[in-house]
Amino acid sequence: MPRAFITGVTGQDGQHLAEFLHGQGYDVFGMVKGQNNPRVAALTDEMPWLELVSGDLADLPSLVSVLEMVQPDEVYNLGAISFVALSFTQPELTANITGLGVLRMLEAIRMVGGTHDNPIRFYQASSSEMFGKVRETPQTEMTPFHPRSPYGCAKVFGHDITVNYRESYGLFACSGILFNHEGPRRGLEFVTRKVTNAAARIKLGLQHELVMGTLDTKRDWGFAGDYVKAMWMMLQQDSPEDFVIATGETQTVRELVERAFAAVGIDDWEPYVRKDPKFDRPAEVDLLIGDASKAKEQLGWEPEVAFPELVTMMVANDLALEAAKAGIDLDTLDLPG
Ligand code: GDP
């Protein structure tokens with residue numbers, strides 16, 4: 001059986017990818033860091049077939065050891081400090097993990113190597129945040145980068161060093177430039193999940209307001225479950241290349257709020273939403289919209305879940321989760337459709 005190794009396996013994408021690869025017949029290994037990592041127990045319950053190994057993107061020797069032990073065919077580097085707002089308060093940590101972590105993983109792959117006939121294939125999780133103050137719309141693989149946060153800057157380094165190791169050492173290394181992708185497993189700090197969770201809790205009477213930053217920025221939001229397939233498809237190509245993965249549609253944060261509240265039957269959402277500048281960032285990415293034509297043509301990849309379904313899926317999940325926690329019977333609520 002082919003063997004896959006995933007960093008960031010406790011995160012949203014790591015979980016979706018682990019499930020997908022397991023379904024494809026892979027032996028799946030995930031890296032976890034630290035002693036007593038609180039997310040491990042839940043993950044082991046949900047995915048008993050997943051093999052967890054200890055290592056850290058800040059520690060090259062640990063990466064070499066885990067690769068020697070696991071002997072993977074494919075490495076997916078999804079581990080990162082991934083929250084843009086946090087990257088402004090912890091920029092050096094972000095540069096170290098999100099940026100230099102990629103270099104360390106590439107070095108470890110170069111050292112361990114795999115076999116001549118079967119060299120390790122590498123996927124780097126690059127990000128639409130690299131486009132930042134966008135130079136053209138929509139953004140493609142050829143659009144120049146202009147990052148707007150320490151996170152975006154670190155991701156640009158990760159992308160460039162992946163391309164550099166491919167060109168310098170002939171590694172099979174691909175960079176997927178993924179636009180925002182969401183789902184029920186998204187962390188509550190990200191705007192989609194924050195909003196769907198708040199709409200659910202407000203409907204259940206567990207929360208009375210939603211405090212937000214800017215409602216004007218635009219994002220190209222897809223479903224994480226669709227996007228992890230593209231990661232795998234990139235590594236099955238004959239030669240390594242980079243791909244934009246996006247839906248090609250953009251919505252404002254305001255439209256997200258409107259839709260999430262509508263999904264719980266609240267049409268007049270404005271009285272529930274208060275703006276607080278503490279959620280504003282020192283620099284913003286105003287507009288993202290990706291052109292995934294290359295992925296469609298070369299990989300045969302297309303998103304299956306559109307934005308309205310995505311929001312409905314996330315709200316339904318949050319309603320069920322929050323109702324169960326509070327002991328509320330969902331049938332007693334007046335919900336649309
Ligand atoms: P990002 O695109 O990786 O930064 O993903 P986020 O989900 O963190 O943010 C998406 C957009 O929503 C950004 O333009 C944020 O400034 C905006 N936003 C507005 N209010 C909030 C909020 O309360 N939390 C978060 N996370 N983002 C917010």
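Values quoted throughout were computed directly from the atomic coordinates according to the rules given, and no laboratory measurement underlies them. Since we're looking at a predicted model, the values are computed, not measured. Here the Cβ positions follow ideal geometry from the backbone for every residue, glycine too, while neighbour counts run over all protein chains shown.
Taken as a whole, the condition of being away from the ligand (no atom under 16 Å from the Cβ) and in contact with an Asp or Glu (Cβ under 8 Å, 6 or more places away or on another chain) does not apply to Lys325. If the requirement is being within 18 Å of Val228 (Cβ to Cβ), part of a helix (DSSP H, G or I) and among the hydroxyl-bearing types (Ser, Thr, Tyr), which of these qualifies: Thr94, Thr192, Thr196, Thr98? Exactly one residue qualifies, and that residue is Thr192.
Tallying residues that are away from the ligand (no atom under 16 Å from the Cβ), out of contact with any Phe, Trp or Tyr (no Cβ under 8 Å at 6 or more places or on another chain) and of a type in the set (A, V, I, L, M) within segment 202-237 yields 2.
Report yes if some residue within segment 238-247 is within 15 Å of the ligand (Cβ to nearest atom), over 22 Å from the mean Cα position of the chain (by Cα) and assigned to a loop (DSSP other than H, G, I, E, B); otherwise report no. Full working, then the answer.
Step one: list which residues in segment 238-247 are within 15 Å of the ligand (Cβ to nearest atom), which gives 245-247.
Filter once more, so that each one left must be over 22 Å from the mean Cα position of the chain (by Cα): none.
There is no residue in segment 238-247 that is within 15 Å of the ligand (Cβ to nearest atom), over 22 Å from the mean Cα position of the chain (by Cα) and assigned to a loop (DSSP other than H, G, I, E, B).
Of the conditions (1) outside any helix (DSSP H, G or I); (2) more than 25 Å from Val244 (Cα to Cα), Glu302 satisfies every one except a single condition; which number is it? (2) is the only condition that Glu302 fails.
Name the single residue that is nearest to the ligand (Cβ to nearest atom) among those in segment 119-141 being β-branched (Val, Ile, Thr) and closer than 21 Å to Glu297 by Cβ. Steps first, answer last, please.
If we filter segment 119-141 for residues that are β-branched (Val, Ile, Thr), which is where we start, we get 120, 134, 137, 140.
Subsequent filtering for residues that are closer than 21 Å to Glu297 by Cβ retains 137, 140.
Values: Thr137: 16, Thr140: 19 Å.
In this case the residue turns out to be Thr137.
Mind checking whether some residue in segment 81-89 is away from the ligand (no atom under 16 Å from the Cβ), closer than 30 Å to Asp280 by Cβ, hydrophobic (A, V, I, L, M, F, W, C) and outside any loop (DSSP other than H, G, I, E, B)? There is no residue in segment 81-89 that is away from the ligand (no atom under 16 Å from the Cβ), closer than 30 Å to Asp280 by Cβ, hydrophobic (A, V, I, L, M, F, W, C) and outside any loop (DSSP other than H, G, I, E, B).
If I filter segment 260-308 down to residues being of a type in the set (Gly, Ala, Ser) and away from the ligand (no atom under 16 Å from the Cβ), which single residue comes out as farthest from Lys218 (Cα to Cα)?
Step one: filter segment 260-308 for residues of a type in the set (Gly, Ala, Ser), giving 260, 262-263, 265, 283, 290, 292-293, 295, 300, 306.
Then keep just the ones that are away from the ligand (no atom under 16 Å from the Cβ); that gives 262-263, 265, 292-293, 295, 300, 306.
Numbers: Ala262: 19, Ala263: 20, Gly265: 24, Ala292: 17, Ser293: 20, Ala295: 22, Gly300: 27, Ala306: 16 Å.
It comes out as Gly300.
For the residues Ala295, Ala316, the requirement of being assigned to a helix (DSSP H, G or I), touching a strand residue (DSSP E or B) at 6+ places or on another chain (Cβ under 9 Å) and among the small types (Gly, Ala, Ser) singles out Ala295.
The residues of segment 157-210 that are touching a residue at least 12 places away in the same chain (Cβ under 8 Å) and acidic (Asp, Glu), listed by number, are Glu182, Glu189, Glu209.
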